[in-house]
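Read through the structure below, which is laid out as structure tokens, and then see the notes.
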Amino acid sequence: MLFTPTVIKNLLKKPATRNYPFVVREPFPNFRGELVIDIEKCIFCGMCERKCPSQCITVDKQAGTWQCDPHACISCGYCRDNCPTKCLTMNDTHRKPMAAKVTWIEQGTPPKPKAKKAAAEKKTDEE
Ligand code: SF4
Ligand code: SF4
């Protein structure tokens, strides 16, 4: 009978848990959610690929593709923090569960070779 006051108190209190997914918690400041890329701003420098600790990003400068394995991403934010053009951001929700593994591929416009380099390549082709 010693615990009767505690039982009554708990019955009158609001639940300590949320009825997820119907009640979703508000994201807290600086929440690191799903990664988002603005491929138009990407210059394919590969900095995100080099900085990613889980090696889930692959950048192909020639083809103009940016790839990410979202299942391997640990939402550390290093790629976003080191992107020189700030084209990577993280939104305030976690990635939705998926039934199958996918690779996220973005196709952008590969950067044009610099004029000097292009001229050198042309000269080599002519020889
Ligand atoms: S660091 Fe930014 S600009 Fe460079 S390849 Fe990655 S996303 Fe593109
Ligand atoms: S958030 Fe971290 S783990 Fe995810 S892609 Fe960027 S660097 Fe890699």
- Considering only GLU34, GLU106, GLU26, give the residue with the highest GNM mean-square fluctuation for the chain, with springs between Cα atoms whenever their separation is below 10 Å. GLU26
- Task: Could you pull out the longest piece of the chain with no exposed loop trypsin sites (Lys or Arg not before Pro) in it, calling a site exposed if DSSP puts it outside H, G, I, E, B and it has at most 10 other Cβ atoms within 10 Å?
- Result: 26-85
- Message: Nearest 500 deg cm²/dmol is fine: what mean residue ellipticity at 222 nm does the chain get from its DSSP H runs of n ≥ 4 alone, each adding -39,500 (n - 2.57), divided by its residue count?
- Response: -6500 deg cm²/dmol
- Query: Which residue, PRO113, PRO53, PRO21, has the most motion in a Gaussian network model of the chain that connects Cα atoms within less than 10 Å?
  - Reply: PRO21
- By accessible area with a 1.4 Å probe, ligands and nucleic acids excluded, highest first: order of MET47, MET98: MET98, MET47
- At 1.4 Å probe size, with every protein chain present, just tell me what the per residue accessible area of the chain comes to in Å². 81 Å²
- Share of the stretch 49-89's accessible area from carbon and sulfur, percent, 1.4 Å? 45 percent
- Item | the chain: Cα Rg divided by the 2.2 N^0.38 Å rule of thumb | 1.73
- Would you list which lysines come within 20 Å of LYS114, measuring only between C-alpha atoms, while excluding same-chain residues fewer than 8 positions from it? LYS41, LYS61, LYS122, LYS123
- For the stretch 36-85, Kirkwood radius (reciprocal of mean inverse C-alpha pair distance, Å): 11.0 Å
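The values are calculated or read from the model by the stated rules, or taken from the named source; none is laboratory data. Here the structure is a predicted model, which means the values were calculated and not measured. We place every Cβ from the backbone using ideal geometry, glycine too, and count neighbours over all the protein chains shown. Protein only, heavy atoms only, side chains kept; ligands, DNA and RNA dropped before computing areas. Shrake-Rupley method; radii C 1.70, N 1.55, O 1.52, S 1.80 Å.
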